[in-house]
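Just so it is clear, none of the values below were taken in a lab; they were calculated from the coordinates. All figures in this text were calculated on a predicted structure; none of them were measured in a lab. Please note: Cβ atoms are built from the backbone with ideal geometry, for glycine as well, and neighbour counts cover all protein chains shown.
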Amino acid sequence: MLIVSEIEMSCVPFSFVRPLFLCLFVLCLCFAGEEDPVVQLSQVAIENLPKNAPHLWRTVLIPGVGHWTEQEAPESVKLHLLEFLAAHA
């Protein structure tokens, strides 16, 4: 669901909870299908992405698409990836 090159967990002081609170300190794009059950169960996490990923470029929820986003909507995923790459080349 996320495109990142590095995950930095030092923003959470206690190592035993770090897996629960990942902070992304790289430029990233989040895309997923609106109908994905994981997205529906993770609504709070998605709403908190701007706080937990300070360099989040964009969050894209693709309508009518489920869990296998890149297989269900390859053209839409390609469009968003190319836009992301062009904006940061």
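Summary table below
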{"read-out": "Table column - 3J(HN,Hα) (Hz), the range 83-89, Karplus curve with 6.51, -1.76, 1.60, x for Gly and Pro", "value": "5, 4, 5, 5, 6, 10, 7"}
{"read-out": "Nonlocal amide H pairs with Ala53, under 5 Å, H built at 1.01 Å", "value": "Leu24"}
{"read-out": "Extension gain from Leu61 to Ser42, taking 0.36 nm per residue of separation minus the Cα-Cα distance", "value": "5.6 nm"}
{"read-out": "Packing-based exposure ordering (other Cβ within 10 Å, fewest first) of Ser42, Ser76", "value": "Ser42, Ser76"}
